[in-house]
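Accompanying notes for the structure given below.
The values are calculated or read from the model by the stated rules, or taken from the named source; none is laboratory data. Computed from a prediction, not measured in an experiment: that's the story for all the values here. Quick reminder, even Gly has a Cβ in these numbers, built from the backbone with ideal geometry, and neighbours come from all protein chains shown.
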Amino acid sequence: MGKQEDALALAGALLSEIELQQLEPVAVVLKASRLARLVGHDDLSTFTRFERGGYPPNTSWARFAKLAGREGTEAGKYYTVPLSRVESLATGADSAIQALAGGRQFGGDYSAIASREHDNKINGHSSNLATFRAISTQVVAVIYDMVADIYHELLFSNLQASLFSETQNLVDGTLAESSGSSLAKIESVSARLRDGDEESISQALTTCRRLIDSAADFLFTAREEAYNIGDGATLAVGKPQVLNRLQAFTHSANASKSRRDRLRVTLRELYSRCSAGTHDSVNAQEARFVFLQTYIVLGEVLTLKSANSIPDAVELRENGTDDQSADTVE
């Protein structure tokens, strides 16, 4: 597994262990420290460092101490000892309470005073025990919230990476034969786009347009006969009608009307932005998004081909009608 996968697995395991109360608070801090190191989470790293080693003399850490419920009875005072020491103090207070619980046999003239002092000691230890346990519980709760956020961020990021990787593999694999020259430039164009120079932008947009052209050639071969899209409407599907051929393909692939409309509009806008006359008005940031969106929409169109097992040369629908309204032609 990669670093991100390790972090996702660790975050998921830590959440489960906290929910099932399978770890002591100090163990939770140590495991969270490893997660913070894997993902580079500054707040979690700082918080766990203070909980492991204690809070320093300055007050730059006050925000974290408040999160952990370490505020004392006096304003500006905090319990700054490490969490391991807090746990030790809690254990000591609990032991003292247990020892005092069976010692209430008093006699003589001062029995009332002795009994009162005995009760005061128990109350004092009980108060300390409650404070120390509250700190430990709050530390675990703060870590749980941070780890939950990290887990969901990693999960979403992993899903995005997986979806884009699948789309990239689909586009590259399916178009490699028909548009190898364009695909060979993608990696270098992606790298050059980071520079933001005009030549790189122009080359990236030209590559996007060629990819769309190649997809149309691969999915729907150009022909002289018009394509019947239903309700008496036809599409010209010659070599120049790239977008019409892609529209005809999505229709033949039995995509829903709403999906065809969305793909048609998206491809039309992308194709327009990739035209030579618009290169000057596209900056590096927009070019990156145009490049990415081209990949995504072509991946979706190619998925229609895979899902329906449509042959490379889509058969013409010269006869019959479609019960859906006709799409806008190119």
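A few comments on the model shown:
- Pairs where the first residue, in the range 258-287, is more than 17 Å from Leu298 (Cα to Cα) and the second is of a type in the set (D, E, K, R) and at pLDDT below 95, C-beta under 6 Å, 6+ apart: none
- Hits in the range 236-282 - residues which are polar (S, T, N, Q), more than 21 Å from Ser214 (Cβ to Cβ) and surrounded by 11 or more Cβ atoms within 10 Å (Cβ to Cβ): Asn254
- Residues that are of a type outside the set (A, V, I, L, M, F, W, C) and surrounded by fewer than 16 Cβ atoms within 10 Å (Cβ to Cβ), drawn from the range 55-73: Pro56, Pro57, Asn58, Thr59, Ser60, Arg63, Lys66, Glu71, Gly72, Thr73
- Ala114 vs. criteria surrounded by 14 or more Cβ atoms within 10 Å (Cβ to Cβ) and modelled with pLDDT under 75: yes
- Search result, residues across the range 142-199 that are touching a Gly at 6+ places or on another chain (Cβ under 8 Å) and modelled with pLDDT of 75 or more: Tyr151
- One residue stands out in the range 40-49 among those that are buried (at least 20 other Cβ atoms within 10 Å of the Cβ) and assigned to a helix (DSSP H, G or I): the one that is nearest to the chain's Cα centre (by Cα), namely Leu44.
- Total residues in the range 213-241, condition of a type in the set (D, E, K, R), over 41 Å from the mean Cα position of the chain (by Cα) and outside any loop (DSSP other than H, G, I, E, B): 0
- Test: residue in the range 217-230 that is within 27 Å of Ser200 (Cα to Cα) and assigned by TED's automatic domain parsing to the domain that holds Leu302: yes
- In the range 254-291, residue farthest from Thr221 (Cα to Cα) [restricted to those that are over 32 Å from the mean Cα position of the chain (by Cα) and not in a helix (DSSP H, G or I)]: Ser275
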